[in-house]
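K.L.:
Take this structure first; my questions come after.
The values are calculated or read from the model by the stated rules, or taken from the named source; none is laboratory data. What you are looking at is a predicted structure, and each value in this text was computed from that prediction instead of being measured. Glycine also receives a Cβ, built like all others from the backbone with ideal geometry; neighbour counts cover every protein chain displayed.
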């Protein structure tokens, strides 16, 4: 996990911004400042092997849990993506923004022939809400 209070982490994250994208760099710096002021609970773990459920169990009773996976599932082997999706759904509300062909977690299959080219699917609990241009 990346700690927003760590100077090396902050340098690395801001170095990922393309030259000339000053607005993006400023947003990242502000987000890091906010996260550093009230640091989140950071735990290392494998989302496909129970980490999501373990963290969800730490939440206060009655809390509304939202698990987001934008940009995550592309880094999980396809054979294990379903495990992450199932864990996210079991923990609470699952929100994601993915390429339609990235996984099979959509409630209704997405037809590549009719899906707008270059758009990502924004979904809540597998229900596609919109085609999004990043």
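K.L.:
Does residue 111 satisfy being surrounded by fewer than 13 Cβ atoms within 10 Å (Cβ to Cβ) and part of a loop (DSSP other than H, G, I, E, B)?
P.N.:
Yes.
K.L.:
Separate question: When the residues of region 32-52 are narrowed to those that are under 17 Å from the mean Cα position of the chain (by Cα) and surrounded by 14 or more Cβ atoms within 10 Å (Cβ to Cβ), which ends up nearest to residue 71 (Cα to Cα)?
P.N.:
47
K.L.:
Here is a follow-up. Suppose the filter is closer than 28 Å to residue 8 by Cα and touching a strand residue (DSSP E or B) at 6+ places or on another chain (Cβ under 8 Å); does residue 76 pass it?
P.N.:
When the stated conditions are applied, residue 76 does not pass them.
K.L.:
Could you please find all residues in region 6-27 being exposed (fewer than 12 other Cβ atoms within 10 Å of the Cβ) and closer than 17 Å to residue 38 by Cα?
P.N.:
Residue satisfying the conditions is 7 alone.
K.L.:
Could you please find all residues in region 54-72 being under 16 Å from the mean Cα position of the chain (by Cα) and assigned to a helix (DSSP H, G or I)?
P.N.:
55, 56
K.L.:
Condition check: more than 30 Å from residue 5 (Cα to Cα), at pLDDT 95 or above and in contact with a strand residue (DSSP E or B) (Cβ under 6 Å, 6 or more places away or on another chain). Does residue 121 satisfy that?
P.N.:
yes
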